[in-house]
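To keep things clear, I will list the structure first and then write my remarks on it.
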Amino acid sequence: MAKFELKLPKMGESVAEATVTNWLKKVGDKIEMDEAVLEIATDKVDSEVPSEVAGTLVEILFNTDDVVQVGQTIAIIETEGGAVAATPEVKVEAPVAVAEVAKAVEVAKETVAPADFSPDYSGSDKFFSPLVKNIAKEEGISLAELESIAGSGKDGRVNKEDLLNYIKNRGSQTSVQSSVASAQPVLETKPTSNVKPETSTVPVSVNGGDEIVEMDRMRKLISKYMVESVQTSAHVQSFIEVDVTNIVKWRDKVKNAFEKREGEKLTFTPIFMEAVAKALKDFPGMNISVDGEYIIKRKNINLGMAAALPNGNLIVPVIKNADQLNLVGMAKAVNDLGNRAKAGKLKPDDTQGGTYTVTNVGTFGSVFGTPIINQPQVGILALGAIRKVPAVIETPEGDFIGIRQKMFLSHSYDHRVVDGALGGSFVKRVADYLEAWDINRDI
């Protein structure tokens, strides 16, 4: 028998940790090679962790709602036969949480127990993850003190954020009390009557007929990101109407042959994505991000593609180096990301690194919209519904009224770093590329 350490795999350059959301196997279960053992979640996408070996799950090192760093061992699998090489070791720096804690309690170092303080948490009836225990031990928190902390995790479990908040408050309270005691030893401090602790209460139906449903994890994240974006960026919009009659006619002509040859559907999305990528090359000032008072000029053009999930939530997978793809490659990338988003099969790295985002509000029948910027990007383009409308058509013989296929492009951009000239010129260039579409283009 040999023991194999299942580690949290690397999920992308910018993904350092994940939360355990569900164990698909329990101790004692048989596991096949490449079979999913648990489900994890990053801040944008959920995914599964498969086993690299066949064997029996003998130990689970983290529980649901625990935060795990990339490279940490999350389970032990016992295999039959000779020794099995463990997953290649991933060097992981000291957990960020410990560094945060050190800063939070720097003002209260004198109150922390001596360095040789080694509490024993094994006697508790409550479950504490290894990460929580390590932080508590680092900061000299006793078992009784740890058990007194109110947890926000599943079944009232104390998670990393609960402990960090407790330590920050503990440090500030100790510092304040120490200052008051040294300056005015004979005075008593009384609680301020107008200070109310923050509480999270479940709303109550007034008429008894309303249904109250808590947001799921992804909806909470979306809510948080949207509010932060509005509070961060100075949103402003530019709108332009585009004649896409030639594109509609061209697609109708080639879509069947394209699907037969490539095994892929040809939608309008890759056509629009191609135009956006070309416009970003023309206006690199839109392919930037903001970090405090610094502007980061992005080398690669990575287009985010907002996609609706079956549960009604949204996710933004990213087409990497979109300007380097021809229309066939763009169509394949759009279909692949869209299909995997609907099936819940996106990987964490699929949603990372976007430099500009496109969202198709026309899918739901909207003529145009005012989308919220996907931070830290500075622009997002909304594609409206394509409609048949009467339009003035100019010819050498004179003007006349005809039926044309038109749509609106709505460009939201960050007015802190993008002025109206750039924001308006960019969306006009996208429109120019679309209206100049070659009806005889080969694909």
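The values are calculated or read from the model by the stated rules, or taken from the named source; none is laboratory data. What you see is a predicted model, and the numbers here were worked out from it, not measured in a lab. Note that each Cβ is placed from the backbone with ideal geometry, even for glycine, and that neighbours are counted across all protein chains shown.
General observations
- Residue match in the stretch 151-161 (condition: among the small types (G, A, S), modelled with pLDDT under 70 and surrounded by 14 or more Cβ atoms within 10 Å (Cβ to Cβ)): no
- Residue satisfying condition, being in a loop (DSSP other than H, G, I, E, B), surrounded by 15 or more Cβ atoms within 10 Å (Cβ to Cβ) and modelled with pLDDT under 55, within set V101, V84: V84
- Considering residues of the stretch 343-368 that are within 22 Å of the chain's Cα centre (by Cα) and among the small types (G, A, S) only, the residue modelled with the highest pLDDT: G354
- Condition check for A431: small (G, A, S), closer than 21 Å to D252 by Cα and surrounded by 15 or more Cβ atoms within 10 Å (Cβ to Cβ): yes
- Residue identified as more than 34 Å from the chain's Cα centre (by Cα), outside any helix (DSSP H, G or I) and either at pLDDT below 65 or of a type in the set (S, T, N, Q) (or both) among K190, K109: K190
- Exclusive hit being within 27 Å of G362 (Cβ to Cβ) and basic (K, R), set R217, R251: R251
- First in the stretch 49-67 and without any contact (Cβ under 8 Å) to a residue 24 or more places away in the chain, second anywhere and part of a strand (DSSP E or B) and not basic (K, R), Cβ under 6 Å, 6 or more apart: P50/A36
- Annotation: of all residues in the stretch 392-428 being of a type in the set (S, T, N, Q) and surrounded by fewer than 20 Cβ atoms within 10 Å (Cβ to Cβ), the one that is farthest from F364 (Cα to Cα) is T395.
- H415 vs. criteria modelled with pLDDT of 95 or more and over 22 Å from E274 (Cβ atoms): yes
- Tally, over the stretch 307-322, of residues that are among the polar types (S, T, N, Q) and at pLDDT 95 or above: 1
- The strands (runs of 3 or more DSSP E) found entirely in the stretch 367-433 include none that carry 3 or more residues being in contact (Cβ under 8 Å) with a residue 12 or more places away in the chain, under 13 Å from A234 (Cα atoms) and among the β-branched types (V, I, T).
- Any hit, the stretch 323-338, residues being over 23 Å from V378 (Cβ atoms), at pLDDT below 95 and in contact with a strand residue (DSSP E or B) (Cβ under 6 Å, 6 or more places away or on another chain): yes
- Meeting the requirement of 2 or more residues that are of a type outside the set (S, T, N, Q) and free of Cβ contacts under 8 Å to residues at least 40 places away in the same chain, the helices (runs of 4 or more DSSP H) wholly within the stretch 200-307 are 217-232, 245-262.
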